[in-house]
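A.B. asks: Structure in structure tokens, see below.
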Amino acid sequence: MNAAATLVAVAAQINGAYASVDAEALCHADDPTPGWSFLRKLIRLPVTLPRVSGSSGT
């Protein structure tokens, strides 16, 4: 199972666990379900930014 499929499975399990709870109260504004809101809090992907040279002129 790849990482994306694993995340979908985890989110589905969380959604099932919170099925009887008001989803609006648990969801972040950008997330469709409580499962994705929970995963957003747990998973932080590192973002590598390119170095900016001091002589760029701006």
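The values are calculated or read from the model by the stated rules, or taken from the named source; none is laboratory data. Source: prediction; values computed, not measured. Every residue, glycine as well, gets a Cβ built from its backbone with ideal geometry; the counts of neighbours run over all protein chains shown. We work out accessible area using only protein heavy atoms, side chains counted, and drop any ligands, DNA or RNA first. Shrake-Rupley method; radii C 1.70, N 1.55, O 1.52, S 1.80 Å.
A.B. asks: With the structure loaded, tell me whether Leu7 is touching a Leu at 6+ places or on another chain (Cβ under 7 Å), modelled with pLDDT under 80 and of a type outside the set (S, T, N, Q) or whether it fails that test.
C.D. replies: yes
A.B. asks: Restricted to the stretch 10-55, and to residues that are open to solvent by 80 Å² or more (accessible area, probe 1.4 Å) and touching a Lys or Arg at 6+ places or on another chain (Cβ under 9 Å), which residue is modelled with the lowest pLDDT?
C.D. replies: Per the criteria, the residue is His28.
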